[in-house]
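To keep things clear, I will list the structure first and then write my remarks on it.
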Amino acid sequence: MKLIAIFPQGLEKEGANELFELGATSIKIFLRAVSFEVDITSFYRIHLKARLPFRFLREISQFPCNSPDTLYAGVQRACEWEEWLHPTKTFCVDVSGSHPSLRHTHYTALAVKNALVDLQRSIWGQRSSINLEDPDVCIHIHLSHEKASLSFSSTRFSLHRRGYRPGMGAAPLKENLAAGLIRLTHWDRLVPLIDPLCGSGTLLLEAASMLLGGPVGLNKKLLFKFWPDFNSQLWQSEKFNANKEINNCPIYPTIMGCEQNKDIALQARENISLAGFDHIISIKNISFTDLLLPLEKGIIVCNPPYGKRIGEKEELYEMYKELGYFLKTYASGWQFWILSGNANLTKALQMKSTKRFPINNGGIDCRWMHYPIN
């Protein structure tokens, strides 16, 4: 299979590394996307274990497309629709990209829909229903350079939703982005991991999930089960293997967060409980200035407010300044990572970073910055 994985901007390379670990080959990195190839076993494995992608698209065909007529004809010839889209299955169409004669994605999606239902009527005398929320088949068309690519999406909605997070702060970090940030720290899952400004706990939750190593893709409707080459026996085998790899070690490293706001600390604890990580993550409803770090050196991570969504910049400047003082005074020998969306605020740390990865967080241009604390 030839697949395309969609990633948060800035995590493409780390996403490619994760896919390679799970069996992907022929990997090519693009902006917000990675193309690769897998066999059927690795295809199921990445859906169970990949933590960084938003979605996977299975590319089926490419065809010339420079007008509504060539789109219509190309879609009908794109694959063996008798196998892929029986009238008993519902479907939807997503479109990305454009062409001068196909400027509007809604119009393009409508043209694709018409091509398919016309073809169905000619074969079966009946057609599928459209279901935008819960389809059996999700078709993706991408238009670029006089060409159209037709793919099937393996899920209707984004894979970043883990299902453990009903309680969120004012500016939540997406789960797949949090997982990518943790991977970039090269945390070895042996030393403590601390978040002094943990909010609803997303960084800690993703770290604990990575520590356990279990599957993350089981709480979604997986559309590949409706594909003609779905192998139920192999899928069950991969699920069994993924669950077998869960780390049930009786002793885990310290994973701890601080949140001064009582309501948000409660949200974090509820999220942790829902995820089943009460025995791994602890949340303290205190200011980071009152935090007592473990004796064993480890990694400190945080995603503080940037002054663009929540918080006043003057107050935040003082908070960053206090954080820098706390780290230099009490965290000597630790590694510190911060997601910075405001360079002026980060300067208040009065520390020098050694690494910085450009990351897009909800449309905000950020840097994932590393500070060794001496």
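What follows draws every value from the coordinates through simple rules; no lab data is involved. Keep in mind that this is a model prediction, so the values were computed, not measured. We place every Cβ from the backbone using ideal geometry, glycine too, and count neighbours over all the protein chains shown.
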For this session: Treating cross-link reach as a plain straight distance, find the aspartates and glutamates whose alpha-carbon is under 12 Å from the alpha-carbon of Lys225, omitting any fewer than eight places away in the same chain.
Result: Asp136
Seminar exercise, completed: Among the DSSP H helices of the chain, those whose Cα atoms extend at least 27 Å along the helix axis and whose mean Kyte-Doolittle hydropathy is -0.5 or higher are 105-124
Problem set entry | Protection proxy ranking of 113-126, 86-99 - average other beta-carbon atoms within 10 Å, highest first | 86-99, 113-126
Exercise. Does anything in the range 117-143 have its amide N under 13 Å from the 7 Å Cα→Cβ label point of Trp227, and if so which residues?
Worked result: 137-140
For this session: Please figure out what share of the DSSP beta bridges in the chain is antiparallel and state it in percent, rounded to the nearest 5.
Result: 65 percent
Problem set entry | Separation of alpha-carbon centers, the range 254-273 and the range 67-133, rounded to whole Å | 46 Å
Exercise. If you find the alpha carbon centre of the range 322-365 and of the range 212-232, how far apart are they in angstrom?
Worked result: 38 Å
Exercise. What dipole magnitude, in Debye to the nearest 20, does the chain give about its Cα centre under +1 on Lys/Arg Cβ and -1 on Asp/Glu Cβ?
Worked result: 320 debye
Exercise. If r is the Cβ-Cβ distance from Lys313 to Gln126 and R0 is 56 Å, what FRET efficiency results, to the nearest 0.05?
Worked result: 0.40
Problem set entry | For the range 10-64: rounded, prolate or oblate by the Cα gyration tensor [a/c cutoff 1.5] | oblate
Exercise. Tally Lys and Arg at +1 and Asp and Glu at -1 over the other residues with C-beta under 15 Å from the C-beta of Leu22: what net charge comes out?
Worked result: -2
Problem set entry | Structure-based [θ]222 nm, the chain - -39500 (n - 2.57) summed over DSSP H runs of at least 4, per residue, nearest 500 | -10000 deg cm²/dmol
Exercise. Taking the Cα centre of the range 1-153 as the origin, how large is its charge dipole in debye, to the nearest 20, when only Lys and Arg (+1) and Asp and Glu (-1) carry charge on their Cβ atoms?
Worked result: 200 debye
Exercise. How many nm is it between the label spots at Ser67 and Lys28, if each spot is 7 Å from the Cα in line with the beta carbon?
Worked result: 2.9 nm
Exercise. With a sphere of radius 12 Å drawn around the Cβ of Ser101, what net charge do the other residues whose Cβ falls strictly inside it have (Lys, Arg +1; Asp, Glu -1)?
Worked result: -1
For this session: Starting from the Cα-Cα distance between Asn114 and Leu292, subtract it from 0.36 nm times their residue separation and give me the gain in nm to one decimal.
Result: 57.7 nm
Exercise. Rounded if a/c is under 1.5, else prolate if a/b is larger than b/c, else oblate: which is the range 250-296, with a ≥ b ≥ c the root eigenvalues of its Cα gyration tensor?
Worked result: oblate
Seminar exercise, completed: Simple spin-label estimate for Phe240/Gln260, 7 Å along Cα→Cβ, in nm, reads 5.3 nm
Exercise. For the chain, modelled as a Gaussian network with Cα springs under 10 Å, which listed residue fluctuates most, Gly213, Gly363, Gly257?
Worked result: Gly363
Problem set entry | Residues Gln76 and Tyr252, FRET efficiency given R0 of 41 Å [Cβ-Cβ distance, rounded to 0.05] | 0.15
